[in-house]
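The values are calculated or read from the model by the stated rules, or taken from the named source; none is laboratory data. Computed from a predicted structure; not experimentally measured. Positions of Cβ are generated from backbone atoms using ideal geometry, with glycine treated the same way; all protein chains shown enter the neighbour counts. The protein model used for the area step is the full one, side chains on, heavy atoms only, and it has no ligands, DNA or RNA in it. Shrake-Rupley method; radii C 1.70, N 1.55, O 1.52, S 1.80 Å.
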Amino acid sequence: MNGLTACLDALSHTLCDPGDVVITPTPVYGRIFTNFYDRAGATVVPLPCQEMENFALKEEDLKSLIKQYLDDGQRVRVFVLLHPHNPLGHVYSTEQLRNIMKICAQYKIHIVIDEIYAFSIHDRSTHFNSVLGMESLPDPQRTHVLWGFSKDFSIPGFRIGVIHSTNPWVLSCLRTLSHYHSSPPLTQHAAASLLSDVEWCDDFYVPTNKNKLAAAYKKACEYLEASGVKVHKTVAGIFLWVNMQAFLDECNEENEMALFMMFLKGGVCLLPGKKLYCAHPGWYRIVFSVKENVLEEGLTRIQAVLSKWKKSKESRSR
């Protein structure tokens, strides 16, 4: 289909009736909420991951949340997991993925795994385990995997996203919906030609991209930490997840948004955690996958804003 937004929208329409419950760990890419609500009318419920636990996804919390809504008489239909995660940059182990899928299978819940950052692992010691590479799945008929070109190949305008499913009923519905979300044949041909060049993809592009991401990540981390910003360790993706609570008079959404507006006025955009459904105010997402001179300018602007904000905070406390 024409991008992963289209894929998620089509899956929501296929899997959900209005009012069905969709669960996703938060903080998370905000479009997950709108993609499952806009057409299907599903109720997207956050599974808050706690900062004091390094934003880990706790299997017992998932099970407890499912039971809560089932006991309330609601139908829990889908669990959505971004793997690697946006904005946390987490890569989940095969064991944890299997345990999560077992929970979903137990309650007959569809699990949607979004692997759009599968080839953007910038930590050399981390190995990505795709669900598609697992020998067996707890509930293959309710397991659906997504991938697209926009992030790993940095071509969002290419507009191709893929849904991998073995459920014949789901595939039948998606084939019908694909008439409204199709990618042009010329674009599909270009994509096939690109992926067919295995030597270029595997030996040149993917490792080169990973090396550039690793260098930019390291540089951004060092600069921000020197400025007093706490950086959450990530191993994948194109984002930094940073803690700026130390710069806030009080950790609340109002102050988080006030600092966000200060950054905008300073010529740099850091997405506040509120927009990613983070349960803890004071966190921001920063894109670091840009050209070196752009990254340096962005980091300089962040430092300038924080310095100005800090002086303003000190004057207010007097």
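Condition check ((1) crowded, with 22+ Cβ neighbours inside 10 Å; (2) within 30 Å of P18 (Cβ to Cβ); (3) modelled with pLDDT under 95) across all residues:
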site	(1), (2), (3)
L62	no, yes, no
Q74	no, yes, no
H83	yes, yes, no
G89	yes, no, no
N99	no, no, no
Y107	no, yes, no
H122	yes, no, no
H127	no, no, yes
S130	no, no, no
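So which residues in region 16-26 are buried (at least 22 other Cβ atoms within 10 Å of the Cβ) and more than 20 Å from Y277 (Cα to Cα), if there are any at all?
C16 - this is the single residue of region 16-26 that is buried (at least 22 other Cβ atoms within 10 Å of the Cβ) and more than 20 Å from Y277 (Cα to Cα).
Which residues, taken from region 209-241, are out of contact with any strand residue (DSSP E or B) (no Cβ under 8 Å at 6 or more places or on another chain) and under 15 Å from I155 (Cβ atoms)?
Result: N209, single match.
Could you list, in sequence order, all residues of region 297-318 that are over 16 Å from A246 (Cβ atoms) and either in contact (Cβ under 8 Å) with a residue 24 or more places away in the chain or polar (S, T, N, Q) (or both)?
G298, L299, T300, R301, A304, S315
Out of all the residues in region 201-209, is one or more touching a residue at least 40 places away in the same chain (Cβ under 8 Å) and either among the charged types (D, E, K, R) or more than 22 Å from N129 (Cα to Cα) (or both)?
The answer is no, given that none of the residues of region 201-209 is touching a residue at least 40 places away in the same chain (Cβ under 8 Å) and either among the charged types (D, E, K, R) or more than 22 Å from N129 (Cα to Cα) (or both).
Open to solvent by 20 Å² or more (accessible area, probe 1.4 Å) and not charged (D, E, K, R): which single residue out of G282, G273, G267 fits that description?
None of the other options fit; the residue is G267.
Do any residues in region 271-289 that are farther than 16 Å from T24 by Cβ have Cβ atoms under 6 Å from those of residues that are open to solvent by 50 Å² or more (accessible area, probe 1.4 Å) and in a loop (DSSP other than H, G, I, E, B), where the two are at least six apart or on different chains, and which pairs are they?
Hits for this filter: P281/C251; G282/C251.
Only one of (1) modelled with pLDDT of 95 or more; (2) open to solvent by 20 Å² or more (accessible area, probe 1.4 Å) fails for I32. Which number is that?
Unmet condition: (2).
How many of the residues in region 250-282 are in contact with a Lys or Arg (Cβ under 6 Å, 6 or more places away or on another chain) and over 24 Å from E222 (Cα atoms)?
The total comes to 1.
Hey, does region 78-100 have a residue that's free of Cβ contacts under 8 Å to residues at least 12 places away in the same chain and more than 26 Å from K210 (Cβ to Cβ)?
no
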